[in-house]
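Below: the structure, in structure tokens.
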Amino acid sequence: MNYTLHQLQVFLKITQTKSITKAAEELHLTQPAVSIQLKNFQDQFDIPLTEVLGRKLYVTDFGKEIALAAENIINEVYAINYKTQAFRGLLSGCLKLSVVSTGKYVMPYYLSEFMKNNSEVELEMDVTNKSKVIKSLKNNEIDFALVSVLPTNIALESIQLMDNKLFLVGNKFIEINNDRLITKYISNLPLIYRELGSATRTSMETFLDKSNIIPNMKIQLTSNEAVKQSVIAGLGISIMPLIGLKNELEKGDIKIIPVKNLPIISTWRLIWLKGKKLSPVAKAYLEFVNLQNEDIKNNHFSWINNY
């Protein structure tokens with residue numbers, strides 16, 4: 001057996017993504033390079049590791065066993081690197097996070113000081129919708145995830161960070177009705193939704209269902225920034241997280257519309273798989289968040305209490 005660490009890393013990524021193309025993208029390699037590494041790795045075994053049926057790649061039972069061994073080997077190599085750096089008085093390794101799209105307004109403040117104090121630590125952070133965040137978590141591809149609505153049917157541990165408030169918002173020209181009924185607004189203006197899989201959309205739809213409200217007009221957009229700019233332009237109104245509206249509210253470009261049963265309030269949480277064996281970097285980061293949480297909230301997010 002003459003397989004390399006690189007081949008193990010490539011094969012593990014292929015088993016996680018079930019795709020050579022996706023593995024190549026996540027490893028920042030070309031597709032032919034990944035295919036060659038898979039072939040060279042496979043050539044060292046008499047039993048197939050993968051098979052392709054109908055243009056879809058499947059991992060064999062033997063391949064799954066090898067993938068598990070590969071993951072253990074890679075983790076042990078990382079552990080050796082961590083221990084080497086630790087003896088030098090340095091924390092090193094990679095911190096892997098997946099963050100729901102609205103979390104991009106939160107997570108940087110919970111990383112800045114930690115990264116400054118640990119220059120040898122590498123950061124990989126994927127900002128995407130909730131369904132993709134949960135998929136990464138289930139596949140054990142990340143150390144931590146940031147969500148505002150806890151997923152179901154997964155055994156998790158978590159730290160509560162801060163409130164997440166969702167308000168109905170419109171642009172600066174919208175006229176406020178005194179009766180606080182959302183139906184007075186959505187009967188004349190389109191309601192702008194996030195895409196399927198977004199936690200913001202799920203919260204909005206749950207609120208509308210409980211209120212027995214069916215909007216006459218809908219618009220679907222794929223990012224909070226797109227929704228925000230559309231609201232400012234007067235394309236429609238939306239239920240949006242307060243955390244991403246600070247500058248627009250201060251400038252008066254966006255206006256909170258007071259209606260009954262809003263805001264929707266959830267909690268930002270840092271979550272990880274229960275029983276997960278955390279790397280030294282992940283452990284250090286968890287300690288940092290526990291110690292600094294209150295200071296970070298007070299220094300950067302106290303303005304939220306005004307709404």
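The values are calculated or read from the model by the stated rules, or taken from the named source; none is laboratory data. Just so we're clear, the structure is a prediction, and the values are computed from it rather than from any experiment. When we count neighbours, we look across all protein chains shown, and the Cβ atoms used for this are built from the backbone with ideal geometry, even at glycine. For the accessible areas, the whole protein counts, side chains as well, though only heavy atoms, and no ligand, DNA or RNA atoms are used. Shrake-Rupley method; radii C 1.70, N 1.55, O 1.52, S 1.80 Å.
Looking for something in a strand (DSSP E or B), in contact with a helix residue (DSSP H, G or I) (Cβ under 7 Å, 6 or more places away or on another chain), touching a residue at least 12 places away in the same chain (Cβ under 8 Å) and open to solvent by less than 60 Å² (accessible area, probe 1.4 Å) - is there at least one such residue anywhere in the stretch 34-42?
no
Suppose we filter the stretch 119-143 for residues that are open to solvent by less than 70 Å² (accessible area, probe 1.4 Å) and out of contact with any helix residue (DSSP H, G or I) (no Cβ under 7 Å at 6 or more places or on another chain); how many remain?
Number of matching residues: 6.
Looking at the stretch 1-33, which of the residues that are charged (D, E, K, R) and not in a loop (DSSP other than H, G, I, E, B) is most open to solvent (accessible area, probe 1.4 Å)?
Glu25
Considering (1) modelled with pLDDT under 90; (2) polar (S, T, N, Q); (3) touching a helix residue (DSSP H, G or I) at 6+ places or on another chain (Cβ under 6 Å), say which one Ser238 fails and leave the rest.
Going through the list (1) modelled with pLDDT under 90; (2) polar (S, T, N, Q); (3) touching a helix residue (DSSP H, G or I) at 6+ places or on another chain (Cβ under 6 Å), Ser238 breaks only (1).
How many residues does the stretch 253-275 contain that are among the aliphatic types (A, V, I, L, M) and loosely packed, with under 14 Cβ neighbours inside 10 Å?
1
Taking the condition out of contact with any His (no Cβ under 9 Å at 6 or more places or on another chain), open to solvent by less than 20 Å² (accessible area, probe 1.4 Å) and polar (S, T, N, Q), does Asn216 pass?
no
Out of the stretch 43-56, which residues are under 17 Å from Leu8 (Cβ atoms) and not in a loop (DSSP other than H, G, I, E, B)?
Thr50
Given the stretch 122-239, what strands (runs of 3 or more DSSP E) lie entirely inside it while holding 3 or more residues that are in contact (Cβ under 8 Å) with a residue 24 or more places away in the chain and hydrophobic (A, V, I, L, M, F, W, C)?
144-147, 156-171
Only one of (1) open to solvent by less than 70 Å² (accessible area, probe 1.4 Å); (2) more than 29 Å from the chain's Cα centre (by Cα); (3) among the charged types (D, E, K, R) fails for Glu175. Which number is that?
(1)
I'm trying to understand the selection: among the residues of the stretch 204-226, which are over 18 Å from Asn188 (Cα atoms) and among the β-branched types (Val, Ile, Thr)?
Thr206, Thr222 - these are the residues of the stretch 204-226 that are over 18 Å from Asn188 (Cα atoms) and among the β-branched types (Val, Ile, Thr).
Across the stretch 276-286, what is the number of residues that are exposed (fewer than 11 other Cβ atoms within 10 Å of the Cβ) and modelled with pLDDT of 90 or more?
0
Do you know which residues across the stretch 43-78 are among the β-branched types (Val, Ile, Thr), over 20 Å from Thr21 (Cα atoms) and open to solvent by 80 Å² or more (accessible area, probe 1.4 Å)?
Ile47, the sole residue that qualifies.
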